[in-house]
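Just so it is clear, none of the values below were taken in a lab; they were calculated from the coordinates. Please read all numbers here as calculations on a predicted model, not as lab measurements. Every residue, glycine as well, gets a Cβ built from its backbone with ideal geometry; the counts of neighbours run over all protein chains shown.
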Amino acid sequence: MGDTLKKVKPGDPLVIPAAAYNTFVDAAREFLARQHRQAQAGTPSGRHNCIILVRNDSGADRQRYQVLGIDWPIFDPAGDEEAFRNAPALSGVTPAEDDHAGKFVILAEPIASGRIGCAYAAGVCPVKIDVPDEDYPYRLAEVTDDSADNLTAVKRGSAAILWREGGTGVQWALVRLGNPPDPAVFPVELHQSGGEQGDEQNPATWTYDVLDVATGETLESGVDPVASPHKWQRPSAGYIIPATFGYAHWDADGQLVLGWINEVADQEACKASESGM
């Protein structure tokens, strides 16, 4: 059998065998069917659902791996429901801390001002983060106020830091977007680090190192749970067994606040003291 798809040279007579013509028809039908399937699926061809379309409304050209805050969908379902369903796209602006915490994307490609391009809305991707304190074990990052250049390492945030270069300042990192937000109150492990047990005339003065239950990292050292801003209250006198566990939260200033800890009165010591009176 000859080659039914053999190319011709300029000037040669054009003779299309039936097998070649049928191949062209099959290819055209497959192309049209593929276009139809993509339209029905409502997702751009070859694009993972972690990557979305974003219009750069920040007023400046933006580079790959910069950060934009999300404001609103480009297509309003009230005005164009078909476009809203089949081509979800968002407006991206310069991030503001109060408006875009947990509502941002990282650009997957350079996007000129006013143009549309691809951005990461979830999943793992590179980005630069600003690390303010080398001694604190940052695990999370959030938008930087009035800056598209990088995220900032924080105690509570919506992006999990999987890896970073190290040290302080702006540096490359790998983060996971779409991280579930930290609960307002979270469990902590307590290691007694100083203080006294207390007695029948004096209160206990225990202090603690506070550790992350999941990672074992130290969140704060030498914490006095009855000093501001902490909320724990002890008896005014009595023997107290040190705590090993508690619940805490971060306040608006990023300070760790202990709310409840499992200190308990040492009943045996109290009884011994009473019998000796």
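Coupling constants for segment 111-122 follow from the phi torsions by the Karplus curve (6.51 cos²θ - 1.76 cosθ + 1.60, θ = phi - 60°), and in residue order they are 9, 5, 4, x, 9, 10, x, 9, 8, 7, 10, 7 Hz; glycine and proline get x. The listed peptides 161-171, 66-76, ordered by packing as a protection proxy, come out as 66-76, 161-171 (highest mean of other Cβ atoms within 10 Å first). 3J(HN,Hα) along segment 235-246, derived from phi through the Karplus expression 6.51 cos²θ - 1.76 cosθ + 1.60 where θ = phi - 60°, amounts to x, 5, 7, x, 7, 10, 7, x, 7, 10, 8, x Hz, with x in place of Gly and Pro. Please list the non-local residues whose amide H lies under 5 Å from the amide H of Thr244, H modeled 1.01 Å from N, same-chain partners needing a gap of 5 or more. Under 5 Å from the amide H of Thr244 lie the amide H atoms of Asn262, each far enough along the sequence or on another chain. Residues whose amide H falls under 5 Å from that of Glu220, counting only those 5 or more places apart or on a different chain, are Val210, with hydrogens built in the peptide plane. Packing around the peptides 89-96, 187-194, taken as the average count of other Cβ atoms within 10 Å per residue, puts them in this order, highest first: 89-96, 187-194.
Of the GluC sites (Glu not before Pro) found in segment 41-138, those in coil by DSSP whose Cβ has at most 13 other Cβ atoms within 10 Å are Glu134. Average 1/r across all pairs of distinct alpha carbons in segment 129-277, invert it, and you get the Kirkwood radius: 17.3 Å.
Shown in residue order for segment 73-88 are the 3J(HN,Hα) couplings computed by the Karplus curve 6.51 cos²θ - 1.76 cosθ + 1.60 at θ = phi - 60°: x, 5, 9, 7, x, 5, x, 8, 5, 5, 5, 4, 7, 8, 9, x Hz (x for Gly and Pro).
With both labels modelled 7 Å from their Cα along Cα-to-Cβ, the Ala237 to Gln255 distance reads 3.1 nm. For Gly254, what is the net charge nearby, where nearby means another residue's Cβ is under 9 Å from its Cβ and Lys, Arg count +1, Asp, Glu -1? Residues near Gly254 contribute 0 overall. Label separation (Thr215 vs Glu200): 4.8 nm, computed from points 7 Å beyond Cα along the C-beta direction.
Seen from Asn22, the other residues with C-beta closer than 14 Å to its C-beta sum to a net charge of -1, counting Lys and Arg as +1 and Asp and Glu as -1. Note on Leu174/Arg85: beta-carbon distance plugged into 1/(1 + (r/R0)^6) with R0 of 41 Å gives a FRET efficiency of 0.80.
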